[in-house]
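Here's the structure, in structure tokens; my notes come after.
The values are calculated or read from the model by the stated rules, or taken from the named source; none is laboratory data. Not measured: the values here are computed from a predicted model. Here Cβ is always computed from backbone atoms with ideal geometry, including for glycine, and neighbour counts include all displayed protein chains.
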Amino acid sequence: MAAESRVFVGIGTNLGDRVAHARFACRELSRLPSTRLVRTSAWYRSKAVGPGTQEDYLNGVAELRSSLAPAKLLEWLHRIEKVAGRVRTVRWGTRTLDLDLLLHGHHRVISRQLAVPHPRIAERNFVVFPLCELAPSLLLPDGRRLQSLRAQLSHEGLIRLGRDPESLHATA
């Protein structure tokens, strides 16, 4: 069996029952083979990035330990999205569930299907803020400190909601 890597997965949803989709994502991540869900960040509401008028997102980050290779883990993430009703039609369009493989240990992968670390981590406050909750002293594979990225990003359009997606029905 391969050694476990510390993995971070971004969770986002802005279509349908966002709280139910977030709960579903966490449950399914905890059931992945050769993987365990360690914890999740608080949940955030963020403005949608993408075309047209879209509902706000519910975003969080999950920390996993996994011995799955990055490409194999991505396959599982896509399966979870599909079961949640995700249809890939418009880039950055609305979605029931979006699971992004942000970091996978110290792996660096660039392929047609996958880029690890996720290439837009540093640009997205809805990724950096929850990720920083889980790993404030994290050093990215390129040598940048996560805390430095957080200090450079505005929290504009980002609202911290709480830790339990179940309690977010009133605010999400």
>> Within segment 27-68, take every residue that is of a type in the set (Asp, Glu) and under 22 Å from Asp17 (Cα atoms) and give me the one that is farthest from the chain's Cα centre (by Cα).
In response: Glu55
>> Quick check on Ala71: is it touching a Leu at 6+ places or on another chain (Cβ under 9 Å) and within 20 Å of Ile159 (Cα to Cα)?
In response: no
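Residue-by-condition table, conditions (1) touching a residue at least 12 places away in the same chain (Cβ under 8 Å); (2) in contact with a strand residue (DSSP E or B) (Cβ under 7 Å, 6 or more places away or on another chain); (3) over 11 Å from Val9 (Cα atoms); (4) acidic (Asp, Glu):
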position	(1), (2), (3), (4)
Lys47	yes, no, yes, no
Ala62	yes, yes, no, no
Ser66	yes, yes, yes, no
Ala84	yes, no, yes, no
Val87	no, no, yes, no
Leu97	yes, yes, yes, no
His106	yes, no, yes, no
His118	yes, yes, no, no
Ala122	yes, no, yes, no
> Which of the residues spanning segment 156-172 are under 17 Å from the mean Cα position of the chain (by Cα), at pLDDT 80 or above and not small (Gly, Ala, Ser)?
Replying inline: Leu158, Ile159, Arg160, Leu161
> Only one residue in Val49, Val61, Val38 is surrounded by 19 or more Cβ atoms within 10 Å (Cβ to Cβ) and β-branched (Val, Ile, Thr). Which one?
Replying inline: Val61
> What tally of residues in segment 1-49 results from selecting those that are in a strand (DSSP E or B), among the basic types (Lys, Arg) and at pLDDT below 95?
Replying inline: 1
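Go through Ala20, Ala25 for me and flag whichever is in contact (Cβ under 8 Å) with a residue 60 or more places away in the chain and closer than 20 Å to Arg163 by Cα. Write out each step before concluding.
On the way: Ala20 fails: in contact (Cβ under 8 Å) with a residue 60 or more places away in the chain.
None of the others qualify; the one that does is Ala25.
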> Here is a list of conditions, (1) of a type outside the set (A, V, I, L, M); (2) within 21 Å of Arg31 (Cβ to Cβ); (3) in contact with a helix residue (DSSP H, G or I) (Cβ under 7 Å, 6 or more places away or on another chain), and Arg65 meets all of them except one; can you say which number that is?
Replying inline: (3)
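Within segment 87-105, count every residue that is modelled with pLDDT of 85 or more, in a loop (DSSP other than H, G, I, E, B) and over 18 Å from His21 (Cβ atoms).
The total comes to 1.
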